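J.: Have a look at this one.
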Number of protein chains: 2
Amino acid sequence: MGDERDIIERCSATVVHEDTVEQVKEKMPEDECLFDLAELFKVFGDTTRVKILFALFTAEMCVCDLTALLGLTQSAVSHQLRVLKQARLIKYRKQGKMVYYSLDDEHVKRIFDQGLAHIRH
Amino acid sequence: MGDERDIIERCSATVVHEDTVEQVKEKMPEDECLFDLAELFKVFGDTTRVKILFALFTAEMCVCDLTALLGLTQSAVSHQLRVLKQARLIKYRKQGKMVYYSLDDEHVKRIFDQGLAHIRH
DNA sequence: ATAAAGCATGATCATATGCTCATATGTTTA
DNA sequence: TAAACATATGAGCATATGATCATGCTTTAT
């Protein structure tokens, strides 16, 4: 308990602009919201998944087509599709032994467009 | 060389929709572009960095204020600010021994807004 | 000049991540 | 029913990542 108080005192002692910190704190979204947002962007933070999403911008595709497109193992593709599915970014339909994946979100394209806009200076 | 040919043959043999794959390939951005995009989102894929950016939406802040706000080590904050700086998302100005950080991109807010829109179903 | 304060950086470590291999599941065809 | 094909999943491994600790750098104050 003594340690905790020391830390708190040390922290508040080094805050230069208490008013700014307070103001910012009030405008910050909930911790859970910030966490979920980071989790979403984490999904976009991998080249393979970005490629899959871009591919699905153009067309619905089955796993073996995606595998050929990406030049990876079928297993690797399947694992990544699982991640995208869990993030509710893609949906699928089964037709015989094939599974066709497609986009399930209208925001992804806009997010990517804004991201590309940042990249080009 | 024999191995490589085998792989290529095996791949093309499992492509069900060659036309779709070709069409998608043509519409895909450059590999470097896709890589850069993933790198950008990787920066957004961490709660600490998301918090820092949200904080800077509201106000310019110095490192010690951010440290107090986040409840982390000053070192940790400094390391993350470096990442954000390298991604050209924030800029800084020195004033005496203090360093003030602020946003350096108009796209971040839009990207975050779209991300939040996805999260809320 | 020396001490103190604010920030940056290198080293280290524990955890997370993404791929491959092996195998399981499910569907179609012979 | 057995074999072949498309996909999913678990285990294992190598690398990446984010936090802390220790320390260095720069500016201000005494």
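J.: For chain A, what does -39500 (n - 2.57) per DSSP helix run (n ≥ 4), summed and divided by total residues, give at 222 nm, in deg cm²/dmol to the nearest 500? The partial results should precede the final answer.
T.: Working: 7 runs with 83 residues, N = 121.
Only helices count here, giving -21000 deg cm²/dmol.
J.: Suppose we flag GluC sites (Glu not before Pro) only when DSSP calls them loop and at most 11 other Cβ atoms lie within 10 Å. Which is the longest uninterrupted stretch of chain A? The partial results should precede the final answer.
T.: Numbers: sites that count: A:Glu30, A:Glu106.
Free of exposed loop sites, the longest segment is A:31-105.
J.: Tell me the net charge near B:Tyr92. Cut-off is 14 Å between Cβ atoms, B:Tyr92 excluded, with +1 for each Lys or Arg and -1 for each Asp or Glu. Write down the numbers at each step before the final one.
T.: On the way: positive: B:Arg82, B:Lys85, B:Arg88, B:Lys91, B:Arg93, B:Lys94, B:Lys97; negative: B:Glu60, B:Asp65, B:Asp104, B:Asp105.
Charge balance in the 14 Å sphere: +3.
J.: First select every other residue whose beta carbon is under 15 angstrom from the beta carbon of B:Lys51; then total the charges, Lys and Arg +1, Asp and Glu -1.
T.: -3
J.: Among A:Val15, A:Val108, A:Thr67, whose Cα projects farthest towards the positive end of the dipole of chain A, with charges put on the beta-carbon of Lys, Arg (+1) and Asp, Glu (-1)?
T.: Value computed over the given set: A:Thr67.
J.: Now for a separate question. Between A:Glu32 and B:Met28, with labels modelled 7 Å along Cα→Cβ, what's the label distance in nm to one decimal, could you check?
T.: My value for the distance between the label points is 3.9 nm.
J.: Starting from a label point 7 Å past Cα on the Cβ side, list the distances from B:Thr58 to the same position in the other copies, nm, shortest first.
T.: Distances between equivalent label points, in nm: 4.4.
J.: What's the FRET efficiency of B:Ala76 with A:Thr73 using the Cβ-Cβ distance as r and R₀ = 45 Å, to the nearest 0.05? Could the numbers behind the result be given before it?
T.: On the way: r = 36 Å, r/R0 = 0.81.
My answer for the efficiency is 0.80.
J.: Next question. Residue by residue, what Karplus-based ³J(HN,Hα) values in Hz, rounded to whole numbers, does region A:31-36 have, using 6.51, -1.76 and 1.60 with θ = phi - 60° and x for Gly and Pro?
T.: Once rounded to whole Hz, the list reads 4, 5, 5, 5, 5, 4.
J.: Restricting to Cα atoms and excluding each atom paired with itself, what does the Kirkwood estimate give for the protein assembly as shown in Å?
T.: Values: mean 1/r = 0.0497 Å⁻¹.
Every distinct Cα pair counted, the radius reaches 20.1 Å.
J.: When the chain is fully extended, how far beyond the present Cα-Cα distance does A:Phe57 get from A:Val99, taking 0.36 nm per residue of separation?
T.: That works out to 13.4 nm of additional length.
J.: Give me the lysines in straight-line cross-link reach of A:Lys109: C-alpha distance below 21 Å, same-chain residues under 8 apart excluded.
T.: Within the straight-line cut-off, A:Lys109 pairs with A:Lys42, A:Lys51, A:Lys85, A:Lys91, B:Lys25, B:Lys27, B:Lys42, B:Lys109.
Just so you know, all these numbers are worked out from the coordinates, no wet-lab data involved. Not measured: the values here are computed from a predicted model. All Cβ positions, even for glycine, are placed from backbone atoms using ideal geometry, and neighbour counts span all protein chains on display.
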